[in-house]
Amino acid sequence: MFGDMMGMMGKLKETQEKVKATKERLNSVFIEETSPEDLLKVTITANRDIKSIEVDDSLLSDKEKLEDYLVITLNKAIAKATNVNETELAAVAKEGMPDIPGMDSFLK
């Protein structure tokens with residue numbers, strides 16, 4: 001029994017290290033999203049840190065359109081980054097889970 005417990009604790013520690021490494025790696029995974037008409041481009045990491053925003057000069061004279069494009073484009077980029085982030089972290093976490101019958105259906 002203690003051997004199983006020690007093995008599980010070791011696997012848990014290994015999984016925690018893999019999750020940490022995955023989070024660090026996701027800082028270098030970039031997601032780019034563009035607005036309608038490609039007048040605005042946002043680049044963020046899979047950890048949802050904004051890295052750059054490029055604005056076409058034509059948007060500078062239309063504050064309302066610029067604001068709308070920022071909201072739309074940032075939300076799309078964040079949704080994509082969240083999907084990548086959650087998928088990657090879930091894969092690492094699932095890999096480190098002990099083999100418990102019925103757990104697969106619970107995690108879906």
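Brief remarks follow.
- Residues of the range 21-40 that are over 30 Å from Asp68 (Cβ atoms) and either surrounded by 12 or more Cβ atoms within 10 Å (Cβ to Cβ) or modelled with pLDDT under 90 (or both): Thr22, Lys23, Arg25.
- Test: Leu74 is surrounded by fewer than 17 Cβ atoms within 10 Å (Cβ to Cβ) and among the aliphatic types (A, V, I, L, M): no
- Checking each residue in the range 17-27 for being of a type outside the set (Lys, Arg), assigned to a helix (DSSP H, G or I) and out of contact with any helix residue (DSSP H, G or I) (no Cβ under 8 Å at 6 or more places or on another chain) picks out Glu17, Ala21, Glu24.
- Any pair with Cβ under 8 angstrom, 6 or more apart, that starts in the range 45-59 at a residue that is in contact (Cβ under 8 Å) with a residue 60 or more places away in the chain and exposed (fewer than 13 other Cβ atoms within 10 Å of the Cβ) and ends at one that is of a type outside the set (S, T, N, Q) and part of a strand (DSSP E or B): none
Matching residues to (1) assigned to a strand (DSSP E or B); (2) modelled with pLDDT of 95 or more:
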residue: Val42; (1), (2): yes, yes
residue: Ile53; (1), (2): yes, yes
residue: Glu64; (1), (2): no, yes
residue: Glu67; (1), (2): no, yes
residue: Ile72; (1), (2): no, yes
residue: Asn83; (1), (2): no, yes
residue: Ala91; (1), (2): no, no
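The values are calculated or read from the model by the stated rules, or taken from the named source; none is laboratory data. Computed from a predicted structure; not experimentally measured. Neighbour counts run over all protein chains shown; Cβ positions are idealised from the backbone, glycine included.
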